Amino acid sequence: MAVFRVRKPAGKPGEWFYCIDHKRAEEGPDCPSKNRFGPYPTKIAAEHAMETAAERNLDWDTDPRWDDRG
C-alpha cells in the first residue's frame with residue numbers, strides 16, 4: 001500500500017500573504033504558494049498586494065530598458 005504525505009504550504013507563521021483564491025490577506029502559509037502573493041511584513045501590506053502588483057507591472061511595461069517590442 002502506497003503512503004502519501006500531505007504537503008503543507010511553505011512559509012512561516014507571522015508572515016502575511018494575499019490569497020488570490022480567497023481575495024484577502026491571511027496570516028501564515030494556509031494556501032498553496034501558487035495561489036498567493038507574499039510574504040509581506042504586515043497585514044496592511046498584504047491587503048494592498050494587488051495594487052502593488054499593478055504598480056510594478058506598470059513600471060515594468062513603461063521601462064524603456066525592458067521594451068521588447070522592437
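Descriptive notes on the structure:
- Filtering region 1-24 to residues that are at pLDDT 70 or above and either of a type in the set (A, V, I, L, M) or farther than 25 Å from HIS48 by Cα (or both) leaves only ILE20.
- Count of region 38-65 residues, restricted to those that are exposed (fewer than 10 other Cβ atoms within 10 Å of the Cβ) and more than 14 Å from the chain's Cα centre (by Cα), is 5.
The values are calculated or read from the model by the stated rules, or taken from the named source; none is laboratory data. Every value quoted in this text rests on a predicted model; they were computed, and no experiment measured them. In this analysis, Cβ positions are derived from the backbone assuming ideal geometry, glycine residues included, and neighbour counts consider all displayed protein chains.
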